[in-house]
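Notes follow the structure.
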Amino acid sequence: RVVEIKQTANNNRLWEVQLNITGDNDQQLSTLTNRIKEEIGGRGWQRMGKLMLKVGHFNQAEELYKELLENVSTDSDRAF
């Protein structure tokens, strides 16, 4: 579970998230996680960008997508 979210001192575009471990038998968390995965789709950083868009963090999603585009290695990745 999320305990605290704060910006890092060295990079204001990077956030540090402190988490507590939950058990595999946490049915409520499992149900929520599966629901979010189904609604958002995608994987990895693409999923994070979609989640940011869904919760209204448009500027952060744009920054993430720009960063991803700058760091892709192939044209086919850029097209994705």
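The values are calculated or read from the model by the stated rules, or taken from the named source; none is laboratory data. Just so you know, these numbers come straight off a predicted model, no measurement behind them. FYI the Cβ positions are ideal-geometry reconstructions off the backbone, even for glycines, and counts take in every protein chain you see.
Worth a mention:
- For Thr22: the one exception among (1) at pLDDT 90 or above; (2) in the same structural domain as Arg1 (by TED's automatic domain parsing): (1)
- For the range 30-52, the criterion of being in the same structural domain as Asn71 (by TED's automatic domain parsing) and of a type in the set (S, T, N, Q) is met by at least one residue.
- Selection from the range 49-71 of residues that are exposed (fewer than 13 other Cβ atoms within 10 Å of the Cβ), farther than 18 Å from Lys37 by Cα and touching a helix residue (DSSP H, G or I) at 6+ places or on another chain (Cβ under 8 Å): Phe58, Leu69
- If you go through the range 1-12 and keep only what is surrounded by fewer than 10 Cβ atoms within 10 Å (Cβ to Cβ), under 17 Å from the mean Cα position of the chain (by Cα) and not in a strand (DSSP E or B), you end up with Arg1, Asn12.
- Residue count for the range 13-41 under the criterion of being charged (D, E, K, R), over 29 Å from Glu63 (Cα atoms) and surrounded by fewer than 10 Cβ atoms within 10 Å (Cβ to Cβ): the result is 1.
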